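Some notes on the structure that comes next.
Computed from the coordinates by the stated procedures, all read-outs in this text should not be read as laboratory data. Small disclaimer: the values here were computed from a predicted structure and weren't measured. With ideal geometry, Cβ positions are generated from the backbone for all residues, glycine too; neighbour counts draw on all protein chains shown.
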Amino acid sequence: MKNVAIVTGASSGLGKEFVKLLIDNKSIDNIYVISRNSDKLNKLKDDYGDKIIPYATDLSDMNNIKTFGKYLEKEDINIKLLINNAGFAKFCSYDDISIDESLNMINLNVSGVVTMGLVCIPFMKKNSHIINIASQAAFQPVPYQNIYSATKSFVKNYSRALNIELKEKGINVTAVCPGWIKTNLYDRGCINAKKGTTKFSHMVTTDVVAKKALKDAYNNKDISVYGLYVNGCRFLAKILPEKLVMKIWLMMQGIK
Ligand SMILES: NC(=O)c1ccc[n+]([C@@H]2O[C@H](COP(=O)([O-])OP(=O)(O)OC[C@H]3O[C@@H](n4cnc5c(N)ncnc54)[C@H](OP(=O)(O)O)[C@@H]3O)[C@@H](O)[C@H]2O)c1
């Protein structure tokens, strides 16, 4: 039986960083890398070798995830680590994007995370880990990225509650809540909307977020927050009224 890790959204940004950090981990025999772009996944295999198993699919369609579950049934594996990282944002008003795009964000960021977990948990044993990538946006309602922030609140709350339920199986779940990271998220997120997020302060690199996420997960923490700035924002979001927090956010973004 092989010990494996599964990384979704592995073709770029934070997901790719996780793959880089896991490649030399001797306790993991294979890393299943998932995203839609098969060329980029195959490039990971070219770069890192046979430890990488590319699996190209669209995780916003739950039938694809169920098909992945059937595929896993044929493999002799023990999933040591599942990293639900695939996700996207749209930084704009509710009516700047279509109903389908809005729903697609919910499908990938919420349903995809839940379905991947439910499909993978039966293949996990004691001392295994699930890392779900939420966001700093999980700590408060965020106008002009209302769906994105709500999906990330879901991921944070769902992960922390699931962590308690999975304790008896010895599986730990960690919600990772990063601030802005230098990735391709903005290519898809910024659509030149009249009102939208344009100021991305305290941006950090993928390595620091991924390293802290893995460290926190292996220490069985249920939440991972990198950096003083994000921890400070989290604290303020806890103690201030949400209306005020949203007002401050709009002022910081220069949105009237
Ligand atoms: N960057 C930030 O500032 C930031 C901050 C907080 C949280 N996050 C979260 O971090 C995670 C990773 O994002 P990132 O910043 O690394 O952005 P990214 O560079 O755009 O990476 C997103 C990854 O998700 C994959 N993906 C997108 N749609 C998919 C779909 N329908 N099915 C399967 N895979 C899909 C993409 O691959 P394909 O295009 O090949 O499918 C890509 O590998 C996301 O959950 C994001 O919400 C990011």
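Numbers at a glance
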quantity	calculated
Which of 8, 198 has the fewest Cβ neighbours within 10 Å, and the rest in rising order	198, 8
Amide hydrogen neighbours beyond the local backbone of residue 78, cut-off 5 Å, H modeled	2, 3, 4
Nonlocal amide H pairs with residue 37, under 5 Å, H built at 1.01 Å	none
Burial ranking of peptide ranges 223-231, 30-38 (average Cβ count within 10 Å, highest at the top)	30-38, 223-231
Computed magnitude of the charge dipole of the chain (debye, nearest 20; Cβ of K, R +1, Cβ of D, E -1)	740 debye
Using θ = phi - 60° and Karplus 6.51 cos²θ - 1.76 cosθ + 1.60, couplings along the range 134-146 (whole Hz; Gly, Pro as x)	9, 5, 4, 4, 6, 7, 7, x, 10, x, 6, 8, 4
Hz values of 3J(HN,Hα) by residue in the range 3-15 - Karplus curve (6.51, -1.76, 1.60), Gly and Pro given as x	8, 10, 10, 10, 10, 8, x, 7, 6, 7, x, 5, x
Using θ = phi - 60° and Karplus 6.51 cos²θ - 1.76 cosθ + 1.60, couplings along the range 165-181 (whole Hz; Gly, Pro as x)	5, 8, 4, 5, 8, x, 9, 9, 10, 10, 8, 9, 10, x, x, 5, 10
Computed E for residue 236/residue 103 - FRET, C-beta separation, R0 35 angstrom, nearest 0.05	0.65
Per-pair calculated FRET efficiency, R0 = 22 Å: residue 62 and residue 38 via Cβ, rounded to 0.05	0.65
Built amide H within the under 5 Å cut-off of residue 53, gap 5+	31, 32, 33
Order by protection proxy (mean Cβ within 10 Å, highest first), peptides 144-154, 55-65	144-154, 55-65
Value of [θ]222 nm, deg cm²/dmol, for the chain, DSSP H segments ≥ 4, -39500 (n - 2.57) each, nearest 500	-13500 deg cm²/dmol
